[in-house]
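One structure is given below, encoded as structure tokens.
What follows is calculated from the coordinates using simple rules that are stated; it is not laboratory data. Treat the numbers as computed from the prediction; the structure is a model and nothing was measured. Don't worry about glycine lacking a Cβ; one is built from the backbone with ideal geometry, like all the others, and counts go over all protein chains shown.
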2 protein chains.
Amino acid sequence: MNTVTIRDVAQRAGVSAATASRVLSGNPATSPEARSQVEQAARELDFRPNAQARALRSTRSDTVGLLVSDVRNPFFADLAHTIEQSLLELGYVTLLGNANENRAQQDRYLDTLISRRVDGVIVAPQGTDSASIDSLLAREVPTVFVDRTIPGVDVPSVTTDSTPGIRAAVQHLVDLGHERVGYVAGPQSVSTGRERLEAWSAAAAELGLSTDPELVYVGDFQSASGSAAVHALFELDEPPTAILAADSLMAVGAIAMLNRLGMRMGTDVSVIAFDDIEWFSLLDPALTVIAHSVEEMGRIAVQLLHEVIDGSTPDSVVLPSELIVRESTTRASRGSAGGATGGSATVTSATRETPATRASSSPTGPTGPTGQTGTTTPPPLGRN
Amino acid sequence: MNTVTIRDVAQRAGVSAATASRVLSGNPATSPEARSQVEQAARELDFRPNAQARALRSTRSDTVGLLVSDVRNPFFADLAHTIEQSLLELGYVTLLGNANENRAQQDRYLDTLISRRVDGVIVAPQGTDSASIDSLLAREVPTVFVDRTIPGVDVPSVTTDSTPGIRAAVQHLVDLGHERVGYVAGPQSVSTGRERLEAWSAAAAELGLSTDPELVYVGDFQSASGSAAVHALFELDEPPTAILAADSLMAVGAIAMLNRLGMRMGTDVSVIAFDDIEWFSLLDPALTVIAHSVEEMGRIAVQLLHEVIDGSTPDSVVLPSELIVRESTTRASRGSAGGATGGSATVTSATRETPATRASSSPTGPTGPTGQTGTTTPPPLGRN
DNA sequence: CGGTTCCATGGAATCGATTCCACGACGAGG
DNA sequence: CCTCGTCGTGGAATCGATTCCATGGAACCG
């Protein structure tokens, strides 16, 4: 590895290393001649400052660590993308790590982030406690939680309030005459898994769905568990007439298993997924979903981190969720009688989602606090 | 930021910094007492070595840069995932960057990777030339190309030979009676975009599809261009009866536009996509695709980089592609007469993909060289 | 015209871990 | 008993950029 140091640049420019450094870092205390000489020398030598040496001395690395649960989950891929873009605008480079929905791997990654002295960390945390997260906080590394939280750990966060979306979904299913609905829950070691299950249970009890515990299957946010859930739910004596999955990957697994079992989504079984993914509207029938804005979440996470790095302690933000009704939810069918879905191809494509089909959940006022420390009014939920 | 240095550890252990360093880096020239003392002190102080200082002195950062074109593209998300996991096993941390299918952003990222003195770089390169890539090579930074190459730049690479898959796809469409097929090409500034278009043109000419240039629409590997392509293709006087899209995102865009135009995939128009994505088989009808193994590609990329870092210059590897026939391709329909696809739901799900439906492309011998420097026999194509 | 301020500059210290080199102690072999 | 080799150890140099501090010259003011 050929290596050009600032001393080489200084020598070629006929100045000292100190002056060269000042020129290259934009320090105003430099003469025009020195400036042009150094800049030319740096260009000629294709000089790239050693970021390690710089960080060592100046205790800034201009690097932010981002730890997501699973890049292959489209929700986190989108999130990683917006966060990375926002950080780039602020001059930070992103060190992206993948926890694989696995606490050991999360901790391994956090340890290297600490070693690298990143300027800040954005985490979608696993589990309920973690030695590495404690370490992070003990060292006062600026940290922000995104999508998920850890109870009792006081860190600014951006999360989604799942309640309005789930409540609207339950209401929608009740309106369609469903009584037994299967719920494919996320892991109870993760805050979103717990909150969504609670919201589900509360809404089901209040709005009159069956609260039979057999109708709840606890998965792990990965697609295989969605398949397992559907398999289990349809072996019950009284199988459900609809399914609600707590994330997109489990929804994918669930739909795959429905197909395998020869059941037609929208006709035989209604399906709702949490998380709106671009291609969910391409399925036939198009999937009814509970949506929340990934872009918003990513932007706000970066903004919060920026404030934490600047020394303030911003309030946590809770974003709303909303139900988007498409075609995968229809009137409850007794036995396997066909539902009321569109039959011919042309009708199907004519009834695709329009703005009017959205049952939005009170997008005006702030959503209630969900155990967060401080809660500011959420910005309006925009779709890219 | 509380900071514990190796001197603090040494002092607490009653030894010098040199000895502490030796203990912590596993140097055998240490006494058992020193070892236990230092280890205990390090544990008590929760010492994390400053990776910057270490890298500065030892000229190793144990970090590899990975530059993909777009994390939101499921193909690259999967690729990033396998590469990251493989690198982790070798003790490297991955610095993931996103070029956004944009050369300026790619170069910006490569510059910071050079500054950080990463031990190696894995790139899916944009464009046909790049000052930053030249810089990389001039500095002799170990580099490997993945999925794509840059002509004339001699760097080990793992790529897919698109030819057999595309040829099989064309043959399949010819067998179904199609004559006019729309091809949604990738950007011609990217090697895969060029190679796939060439393979397409050659196969079309040879096997008897129309070579009308109006049937080729050049997109940019992102979904909006797939939509635009379909929009344009179906305004032709003689529209195509089938569509082949050169990547998954453009296929998504194309399908969305077909739906919007009220055309039913599989019935009115046959569709084939390059890249097999998990949920493509969930579409109804399930999508016929040209597949290649992401896991293989990721693993091999890491292995190549490992060899380059060790000082050898491994041969490039070319992986095969194969056609997987599902339900989105049916006999050519004249006008809008219905095709021969399954009508009832039960039949549809009964005819889902089985191993027997795969028309594999000579998986035994090595595929011919496609302009690569050296080409080794590709390993067998396994699916997770 | 003398003294003060301002400014560009270079020398040297610094960040924290690694590593070269020298030193003392101890055991073995002559 | 002396010497040589081995081994654990500490001091100091090192990596490369930044930054504190001192310096000398120019400009400015009374």
So what are the ³J(HN,Hα) numbers for region B:61-75, from phi and the Karplus equation (6.51, -1.76, 1.60; θ = phi - 60°), rounded to whole Hz, Gly and Pro as x?
10, 6, 10, 10, x, 10, 10, 10, 7, 6, 5, 6, 6, x, 4
In debye, nearest 20: dipole of chain A around its Cα centre with unit charges on the Cβ of K, R (+) and D, E (-)?
1060
Sorted shortest first, the nm distances from the B:Gly208 label point (7 Å along Cα→Cβ) to its counterparts in the other copies are 6.5
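Given the DSSP H assignment, sum -39500 (n - 2.57) over each helix run of at least 4 residues in chain B and divide by its residue total; what's the result at 222 nm in deg cm²/dmol, nearest 500?
Numbers: 13 runs with 152 residues, N = 384.
Per the formula, -12000 deg cm²/dmol.
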Please report, for A:Glu140, the nm distances (one decimal) from its label point, 7 Å out from Cα along the beta-carbon direction, to the equivalent points in the remaining copies, shortest first.
4.4
Acute angle (nearest 10 degrees) that the helix B:32-45 long axis makes with the longest principal axis of chain B, alpha-carbon atoms
60
Fewest to most Cβ atoms within 10 Å: A:Phe47, B:Phe274 sort as A:Phe47, B:Phe274
Cut-off is 10 Å between beta-carbons; in what order do B:Val289, B:Val71 appear when sorted fewest neighbours first?
B:Val71, B:Val289
Give me the number: length gained by fully extending A:Arg60 to A:Glu179, i.e. 0.36 nm times residue separation minus the C-alpha to C-alpha distance, one decimal in nm.
37.1 nm
Going from the alpha-carbon gyration tensor of the protein assembly as shown, what semi-axes, largest first and in whole Å, does one get by taking the root of 5 times each eigenvalue?
46, 35, 23
Shortest-first nm distances, B:Glu89 label point to equivalent points in other copies (7 Å, Cα→Cβ):
4.0
What is the fewest-to-most order of B:Arg57, A:Arg148, A:Arg48 by other Cβ atoms lying within 10 Å of their Cβ?
B:Arg57, A:Arg48, A:Arg148
Taking Cα centroids, how far is region B:128-202 from region A:1-78 in Å?
35
How high is the FRET efficiency between A:Thr128 and B:Glu44 when r is their beta carbon distance and R₀ equals 41 Å, given to the nearest 0.05?
0.95
Using the Karplus equation 6.51 cos²θ - 1.76 cosθ + 1.60 (θ = phi - 60°), what ³J(HN,Hα) coupling, rounded to whole Hz, does each residue of region A:118-134 give in order, writing x for Gly and Pro?
4, 6, x, 9, 10, 10, 9, x, 8, x, 9, 7, 6, 4, 5, 5, 4
Placing each pseudo-label 7 Å from Cα in the direction of the beta carbon, A:Ala205 and B:Ala53 end up separated by a distance in nanometres of 5.6
At 37 °C and 0.692 mPa s, grab the translational diffusion coefficient of region A:169-311 from Stokes-Einstein with a Kirkwood Rh over Cα pairs, rounded to a whole number in µm² per second.
208
FRET efficiency for B:Thr3 and B:Glu89, Cβ-Cβ distance as r, R0 = 45 Å, nearest 0.05?
0.90
Could you give the distance between the Cα centres of region B:233-247 and region B:265-339, to the whole Å?
20
Per the C-alpha gyration tensor (a ≥ b ≥ c, the square roots of its eigenvalues), chain A is rounded if a/c is under 1.5, else prolate if a/b beats b/c, else oblate; here it's prolate
